[in-house]
Amino acid sequence: MVSKVLTVPNAQGFHMRPASVFAGAMGKYPCNVFINFNGNKYNAKSTLNLIAACMKCGSEIELVCDGDQEEAALAEGAKMIEDGFGE
Amino acid sequence: MKGIGVSAGIGIGKILLVEEHSVEYTPKQVEDAVAEKSRFRNSVEQFCNNTRVQAEALRKSAGDKEAEIMLGHISIVNDPFLLGEVEKLIDAGQCAESSFDSMCEMFISIFSAAEDDLTKQRATDVRDVRTGVLSILLGIKEVKLSDVPEGTVICVKELTPSMIAEIKKENIAGILTETGSTTSHSAILARVMEIPAVMSVPDIMTSAENGSVVILDGSKGTVIISPDEAQIADYTEKREKLLREIRELQKYRGKPTVSADGTEYELVCNIGKPDDAAKALEFDGEGVGLFRTEFLFMDKTSVPSEDEQFAEYKKAAMILGSRPLIIRTLDIGGDKDIPYLGLAKEENPFMGFRAIRYCLKNRDLFRIQLRAILRASAFGNISIMFPLITCVEEVREGKALVEQLKAELTEQGIEFDRNIKVGIMTETAAAGIIADLLARESDFFSIGTNDLTGYTMAADRGNSDVSYLYSALQPAVLRMIRSIITAARNNNIPVGMCGEAAADPLMIPLLISFGLTEFSVSAPSILRVRKCISDWTKEKADEITDKVMSLATESEVREYLSSVIVA
């Protein structure tokens, strides 16, 4: 299991577009991917879960990948968040 | 009846009550979970196919962005978590309907409880998806809004994007709903499609009847069910007049902005985001006279990087191509706070540490922004504009920094526009008084009438005790504007106006007479201002202006202008 603590940088946070792009990207990996935020654990392959989490600009979150290709999943996921989903 | 007018225009037509299809079902236990899951999967697939068709219809009627939102429904229904949980419920013996319904319900309640509007609106999308999939599972035929006759007023509890996707706009006279407001997604769609709409009309579904005649006014929010003949005649006339005006204005689309005696003016837009540049063009603006950059800095936790800013400026420049794009450097302070910049609380923020004053003292931040603008200038027709100039030193210092950064970029072999223009906002009383001195140091002026009026009159428009003083038609403000324009003309530099006054029909003849060269207004005002300018010759404008400048009070000025200008 690998993980990284990140801060959501884009103004709108995990709204519809970033959430679906992110969930889609994580969906390609065989490992489990989830996000710890505000004491809850969210399935990061699910757009709906990500939106429900209400992660805003400035929110501190932990991205956790567990299973096959966990390193690659973490690297790609962390980069997407750090880049603010290209917004 | 009264609701919220969300999409302007008057609609007169016959009501069609669109009942949300009852997607009621009796939950039952299933034995063959494998068959039930396959039934569910097939329905999801069919839903996706339907949605793709609707999205393409919407792409034609409302544009790409709306189509993308519609396609978002496909990603909702294919959500791995949602599908996984539904299948678990089916495995546990529940039917597909109740399994899918309960999972949707869960997300609807989570999203509805959210604090921000953006998330709340997602509840509508999930509801739409739920109705769509359940209808397929239950074999319910959906209401075909595509087949309704001309002159239909759609009346519905909640308007969903998939309903709008079905609509042929030439057949729809108006839309009435029980829920929603100006910012609802369906309201935005109604505006894009130019269908008059009133939302949040209480109990409209129970008080209206199928086939009844109804009048709706999408600007005022008025709804009249079964109107009498006088009302119909009255509103028919209003409607014709509105349509005539709209048609009349359309004649000015794609035309240059010229006065009645052939002088050409530049008519551009004020924008706050790079995407607004596209909107400016859509409304037939000839470029951008004011790009406010504050948005880039808001809702952030730190100063946006040079690359980040570069990308935004470049985006706007690319949209506009060779058309002008004037980027105003950061105008914070006053009433615009950005927490991470750590601006101290001030006794008198409008007289305090703001805009160019702040930027010149915080060089690191200013350098980042100016470098980003310079780099973007390689991709379009960009000018730089400094806000809140009060003395010549500020212009010199700002320009020196631009020169220094140009040298730096040249050394690094980075492209930029070597002839980039650097101008200033003339929006303080000081700038108005020394406009002759400032004109020698600037490539152009832009008069910000909102601040200029406040600073000249020493009056806060937000304070109701003194707001009567706040008017651009005050003799003091008019003299200020005249002296700024005269100073610019004497130095042969362009002078524009980017405040609200630039779109005021009472002000336009005065600006023509003073010699303004550029009008920068909000996108929806473009055609109206173009028409207004076309009504005037210099001679006629001079005549009126001479009279105005001889009047002693604001009320005399306003009264006189209103009497000679029929807006």
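Considering the stretch A:1-17, and only residues there that are modelled with pLDDT of 85 or more and in a loop (DSSP other than H, G, I, E, B), the residue that is nearest to the other protein chains (Cβ to nearest Cβ) turns out to be A:V8. Selection of first residues in the stretch B:502-514 that are over 20 Å from B:V288 (Cβ atoms) and of second residues that are assigned to a loop (DSSP other than H, G, I, E, B) and of a type outside the set (V, I, T), restricted to Cβ pairs under 6 Å at least 6 apart or on distinct chains, gives the following pairs, ordered by first then second residue: B:P505/B:A567; B:P509/B:W536; B:I512/B:W536. Within the stretch B:283-314, the set of residues being more than 14 Å from chain A (Cβ to nearest Cβ), open to solvent by less than 30 Å² (accessible area, probe 1.4 Å) and over 17 Å from the mean Cα position of the chain (by Cα) comprises just one member, B:Y313.
Considering the stretch B:510-558, the residues that are of a type in the set (A, V, I, L, M, F, W, C) and more than 33 Å from the chain's Cα centre (by Cα) include one that is farthest from B:K255 (Cα to Cα), namely B:A552. Can you spot a residue in the stretch B:24-43 that is touching a residue at least 12 places away in the same chain (Cβ under 8 Å) and closer than 16 Å to B:M163 by Cβ? No - not one qualifying residue is present in the stretch B:24-43. Filter the stretch A:29-87 down to the residues that are charged (D, E, K, R) and part of a loop (DSSP other than H, G, I, E, B), then identify the one that is nearest to B:F107 (Cα to Cα). Residue satisfying both the conditions and the ranking: A:K45. Of B:Y340, B:Y358, all but one fail to be within 27 Å of A:T7 (Cα to Cα) and either outside any helix (DSSP H, G or I) or of a type outside the set (V, I, T) (or both); the exception is B:Y340.
Might you check whether a residue that is modelled with pLDDT of 95 or more, in contact with a helix residue (DSSP H, G or I) (Cβ under 7 Å, 6 or more places away or on another chain) and of a type in the set (A, V, I, L, M) occurs anywhere in the stretch B:334-344? Within the stretch B:334-344, not a single residue is modelled with pLDDT of 95 or more, in contact with a helix residue (DSSP H, G or I) (Cβ under 7 Å, 6 or more places away or on another chain) and of a type in the set (A, V, I, L, M).
Flag set for B:L561, criterion: open to solvent by less than 20 Å² (accessible area, probe 1.4 Å) and touching a residue at least 60 places away in the same chain (Cβ under 8 Å).
Considering only residues in the stretch B:51-73 that are within 14 Å of another protein chain (Cβ to nearest Cβ) and open to solvent by 20 Å² or more (accessible area, probe 1.4 Å), the one that is nearest to B:E36 (Cα to Cα) turns out to be B:L71. Name the residues in the stretch B:505-541 that are surrounded by 21 or more Cβ atoms within 10 Å (Cβ to Cβ) and outside any helix (DSSP H, G or I), would you? Those that are surrounded by 21 or more Cβ atoms within 10 Å (Cβ to Cβ) and outside any helix (DSSP H, G or I): B:M507, B:L516, B:E518, B:F519, B:S520, B:V521, B:W536. Taking into account only those residues within the stretch B:121-135 that are in contact (Cβ under 8 Å) with a residue 40 or more places away in the chain and of a type outside the set (V, I, T), which is farthest from the other protein chains (Cβ to nearest Cβ)? Checked the stretch B:121-135; the qualifying residue farthest from the other protein chains (Cβ to nearest Cβ) is B:S135. Mind checking whether some residue in the stretch A:18-26 is within 15 Å of A:C65 (Cα to Cα), more than 8 Å from every other protein chain (Cβ to nearest Cβ) and open to solvent by 30 Å² or more (accessible area, probe 1.4 Å)? Checked against the condition, which is being within 15 Å of A:C65 (Cα to Cα), more than 8 Å from every other protein chain (Cβ to nearest Cβ) and open to solvent by 30 Å² or more (accessible area, probe 1.4 Å), the stretch A:18-26 yields no hits at all. Restricted to the stretch B:213-281, the set of strands (runs of 3 or more DSSP E) holding at least 1 residues that are free of Cβ contacts under 8 Å to residues at least 40 places away in the same chain comprises B:264-271. Exactly one residue among B:A187, B:A165 is modelled with pLDDT under 95, touching a strand residue (DSSP E or B) at 6+ places or on another chain (Cβ under 6 Å) and assigned to a helix (DSSP H, G or I), and that residue is B:A187. Comparison of B:L118, B:L89 shows that the only residue that is within 9 Å of chain A (Cβ to nearest Cβ) and either assigned to a loop (DSSP other than H, G, I, E, B) or among the aliphatic types (A, V, I, L, M) (or both) is B:L118.
Taking the conditions exactly as written (of a type in the set (D, E, K, R) and at pLDDT below 90), does A:E76 satisfy them or not? When the stated conditions are applied, A:E76 does not pass them. Could you check, for the stretch B:146-163, whether at least one of its residues is of a type outside the set (A, V, I, L, M, F, W, C), out of contact with any Pro (no Cβ under 8 Å at 6 or more places or on another chain) and within 13 Å of another protein chain (Cβ to nearest Cβ)? Yes, the stretch B:146-163 has at least one match. For first residues located in the stretch B:424-439 and in contact (Cβ under 8 Å) with a residue 24 or more places away in the chain, partners that are surrounded by fewer than 24 Cβ atoms within 10 Å (Cβ to Cβ) and among the β-branched types (V, I, T) and lie 6+ apart or on another chain with Cβ distances below 7 Å form the pairs B:I424/B:V395; B:T428/B:T390; B:A430/B:T390; B:A431/B:T390; B:L437/B:V392; B:L438/B:V392; B:L438/B:V395; B:A439/B:I493.
The values are calculated or read from the model by the stated rules, or taken from the named source; none is laboratory data. Source: prediction; values computed, not measured. Heads up, the Cβs are rebuilt from the backbone with ideal geometry, glycines too, and the neighbour counts pull from every protein chain shown. The area values use the complete protein model at the heavy-atom level, side chains included, leaving out ligands, DNA and RNA. Shrake-Rupley method; radii C 1.70, N 1.55, O 1.52, S 1.80 Å.
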